[in-house]
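Visitor: A single structure is presented below for examination.
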Amino acid sequence: MPNELDRWFVEEILVHEEALTRFLYRHWPQRDELHDLRQELYARVYEAAGKALPTQPKAFLFASARHLMADRIRRSKVVSIEPMGDFEHSHVLVDEISPERWFSGRQALRRLSAALDRLPRRCREVVWLRRVEDLSQKEVAVRLGISEKVVEKHIAKGMRLLADALFGGGAGVPAGDADGADARATRGTQG
C-alpha cells in the first residue's frame, strides 16, 4: 500500500514525465543517458521530498533537472591532478609529445601539488573537497562541521594562494601562515 510520499510523487511529479523527457531531450546531448538521467533525477526529488515537500513540485522538478545536468557537466570536466608516472607506459603516443612538453607538464603538476601541500590544513581540505572531489559548498560544510560562509572564505583564500604560487612567482603560502591564520579564520567566522 503506497504511503503519503509515494502518492505525492505520483500525483505531483510523475504526471510531468512527458514534459520532463522532452526537456531532457532538448538540453542533454547524450541521448543514450536520458533514461539514467531521468531516473537519477526522480531519486533525488523523491529523497528531497522525504525531508520536506516542495511547495511548487513542477518548478522543483525542472530546477532539479537543471542542477543535475550542471553537476554531470561539472564532473565530466574534473581532471585528476595525481601524477601518472611515465608516459611510456600509458596509452599516449609518446612520439607526439616532445621531451620538453612532457617535462613541462610534470613540472606544472609538481608545482600544483606543492602549492596544495603548502595551503593551511583546513583551507587545503576545503579546496580538495570542493574543487577536486566536486562536493557542493553545503556538503563540504556538513562534512567538515563548519559553516558555508567559512567554506566560501577558505575557497577564496585557497584559490588566491594557489594562483599566487602558480602564477605569481611561486611565493605561495608564507611559512608562518600554515595553521595560525587558518585557525583565526575558522574561529572568527564560525557561529
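The values are calculated or read from the model by the stated rules, or taken from the named source; none is laboratory data. No experiment lies behind these values; they were computed from the predicted model shown. Ideal geometry is used to build each Cβ from the backbone, glycine not excepted, and the neighbour counts take in all protein chains shown.
Visitor: Of the residues Arg118, Arg106, only one is at pLDDT 90 or above and closer than 26 Å to Phe167 by Cα; which?
Guide: Arg118
Visitor: Still on this structure, please answer the following. Output yes when any residue across segment 56-65 is of a type in the set (A, V, I, L, M) and exposed (fewer than 10 other Cβ atoms within 10 Å of the Cβ), and no when none is.
Guide: No.
Visitor: Go through segment 6-27 and give me each residue that's in contact with a helix residue (DSSP H, G or I) (Cβ under 7 Å, 6 or more places away or on another chain) and either within 13 Å of Phe62 (Cβ to Cβ) or not assigned by TED's automatic domain parsing to the domain that holds Lys58 (or both).
Guide: Glu12, Ile13, His16, Leu20, Thr21, Phe23, Leu24, His27
Visitor: Give segment 126-156 a look and list any residue that's farther than 15 Å from Asp71 by Cα, in a helix (DSSP H, G or I) and not hydrophobic (A, V, I, L, M, F, W, C), or say none.
Guide: Arg143, Glu148, Lys149, Glu152, Lys153, His154
Visitor: Another one. Among the residues of segment 126-159 satisfying the criterion of being among the acidic types (Asp, Glu) and under 13 Å from the mean Cα position of the chain (by Cα), which is surrounded by the fewest Cβ atoms within 10 Å (Cβ to Cβ)?
Guide: If we take residues in segment 126-159 being among the acidic types (Asp, Glu) and under 13 Å from the mean Cα position of the chain (by Cα), then Glu133 is surrounded by the fewest Cβ atoms within 10 Å (Cβ to Cβ).
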